[in-house]
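Just below is one structure, and these are the notes that go with it.
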Amino acid sequence: IATPADGLTVGEVSFTVNGFKVPAYRAAPAGKTGLPVVLVIQEIFGVHEYIADTCRRFAKAGYLAIAPQLYARQGDASAYTDIAKLMAEVVSKVPDAQVMADLDGAVAWATANGGDGARVGITGFCWGGRITWLYAAHGPVKAGVAWYGRLVGQASELTPKHPVDLAPILKAPVLGLYGEKDTGIPLDTVDKMKAALSSGSPQAKASEFVVYPDAPHAFHADYRASYRKEAAEDGWKRALAWFKTHGVA
């Protein structure tokens, strides 16, 4: 899918967090301010054309969309063709605390550059789906949409908590969009997450899941064989409606 940039302001920007200049891609309706903001969180492959295009899709819907390169400190994801190597050498070295701080920086940049800091949402894919849940427990967002993000995992120094651990203290309701045939995210982990949400904050209890029958992991990624048009389009409509319902748009 290729979304044109006509009528939009698009391109690379950067903001500084803890002395490091974080690069980001942003797209917004040209010449407008007071815009709702959406943080768009990358897959493991970083901020490439698919993520940039997703930002433009949000901009066409009236948002200031910003996708920070969340492991720019650890390495350049675009330089890798081997997924296992990318995971081992870059992604596994990214601390959750660094990501949360960088997203706070992205919100601050957006607020200073035409965005409405009181109307912020977050969405992410795969690696970014997990981050969406974490940031909904951490940051100043009104709603989140997590596409097939991992929900459980081993605690480590860099990733001390996973979505299932933070579910009860969500500060924003999250819509989880998952695939029934996702071999990396068994449906029993979705059930565990639902149970954790049901005994949590009002925002946790307001969170919902949609599980698409026959959809594999990464069903929204239109540049991959895993793409499923029907599920991707339905999920997109639900994402926009979720943001609207919860006061982002």
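The values are calculated or read from the model by the stated rules, or taken from the named source; none is laboratory data. Given the structure is predicted, the values throughout are model-derived calculations rather than measurements. In this analysis, Cβ positions are derived from the backbone assuming ideal geometry, glycine residues included, and neighbour counts consider all displayed protein chains. Note: accessible area is taken over every heavy atom of the protein model, side chains too, but ligands, DNA and RNA are not part of it. Shrake-Rupley method; radii C 1.70, N 1.55, O 1.52, S 1.80 Å.
Over region 93-249, how many percent of alpha carbon pairs lie in each 10 Å bin up to the one with the longest distance?
The calculated distribution, bin by bin, is 11, 41, 37, 10, 0.
Can you give the charge dipole size of the chain about its Cα centre, rounded to the nearest 20 debye, using +1 on the beta carbon of Lys and Arg and -1 on the beta carbon of Asp and Glu?
In debye, rounded to 20, the chain gives about 560.
Below 13 angstrom from the Cβ of residue 181, what's the summed charge of the other residues (Lys, Arg +1; Asp, Glu -1)?
Details: positive: 228; negative: 180, 182, 214.
Cβ neighbours under 13 Å give a net charge of -2.
If you stretched the chain out fully between residue 245 and residue 209, how much longer would it get, using 0.36 nm times the residue separation minus the C-alpha to C-alpha distance?
Numbers: separation 36, 0.36 × 36 = 12.96 nm, distance 1.55 nm.
Contour length minus the Cα-Cα distance gives 11.4 nm.
Under a Cβ-Cβ cut-off of 13 Å, what is the net charge of the residues other than residue 30 that fall near it, where Lys and Arg count +1 and Asp and Glu count -1? Numbers along the way, then the final one.
On the way: positive: 26, 32, 56, 60; negative: 6.
With Lys, Arg at +1 and Asp, Glu at -1, the net is +3.
May I ask you to work out the translational diffusion coefficient for region 59-171 at 10 °C, viscosity 1.306 mPa s, via Stokes-Einstein with Rh from the Kirkwood sum over Cα pairs, reported in whole µm²/s?
The diffusion coefficient I find is 107 µm²/s.
For residue 6 and residue 192 in one chain, what is 0.36 nm times their gap in residues minus the Cα-Cα distance, to one decimal in nm?
Separation in residues times 0.36 nm, less the Cα-Cα distance, equals 62.6 nm.
Grab the DSSP H runs of the chain that are 4 residues or longer, score each as -39,500 (n - 2.57), total them, divide by all residues and round the 222 nm result to the nearest 500 deg cm²/dmol.
Estimated from H runs of four or more residues: -10000 deg cm²/dmol.
For residue 244, what accessible surface area do you get with a 1.4 Å probe? Give it in Å², rounded to 10.
Approximately 150 Å² of residue 244 is accessible to the 1.4 Å probe.
Take the alpha carbon gyration tensor of region 194-249, find the square roots of its eigenvalues, order them as a ≥ b ≥ c, and report rounded if a/c is under 1.5; if not, report prolate when a/b exceeds b/c, else oblate.
Because a/c hits 1.5 or more and a/b fails to exceed b/c, region 194-249 counts as oblate.
If one computes the Cα centroid of region 1-69 and of region 80-118, what distance in Å separates the two points?
Cα centroid of region 1-69 versus Cα centroid of region 80-118: 13 Å apart.
Run the quick spin-label model on residue 224 and residue 84: label points 7 Å from Cα toward the beta carbon, then report their separation in nm to one decimal.
1.8 nm
Could you report region 54-171's accessible area per residue, 1.4 Å probe, as an integer in Å²? Please report the intermediate quantities before stating the final value.
Working: 4300 Å² over 118 residues.
Dividing the accessible area of region 54-171 by its residue count gives 36 Å².
Which chymotrypsin sites (Phe, Trp or Tyr not before Pro) in region 70-116 sit in a loop by DSSP (not H, G, I, E or B) and have at most 15 other Cβ atoms within 10 Å of their own Cβ? Walk me through the intermediate numbers first.
Working: sites: 71, 80, 109; in loops: 71, 80.
Within region 70-116, no chymotrypsin sites (Phe, Trp or Tyr not before Pro) qualify (loop, at most 15 other Cβ atoms within 10 Å).
About the Cα centre of region 111-249, what is the dipole size in debye to 20, counting +1 per Lys and Arg Cβ and -1 per Asp and Glu Cβ, all else neutral? The partial results should precede the final answer.
Values: 16 positive and 13 negative charges, 64 e Å.
Taking the Cα centre of region 111-249 as origin, the dipole is about 300 debye.
Calculate, in nm to one decimal, what residue 234 and residue 97 gain on full extension: separation in residues at 0.36 nm each, minus their alpha carbon distance.
Residue separation times 0.36 nm, minus the Cα-Cα distance, leaves 46.1 nm.
Test of understanding: in a Gaussian network model of the chain with alpha carbons linked when under 10 Å, which of 88, 215, 59 would top the mean-square fluctuation ranking?
The residue with the greatest mean-square fluctuation here is 88.
Going by a ≥ b ≥ c, the root eigenvalues of the Cα gyration tensor, does region 1-48 fall in the rounded group (a/c under 1.5), the prolate group (a/b larger than b/c) or the oblate group?
Oblate, since a/c reaches 1.5 and b/c is not below a/b.
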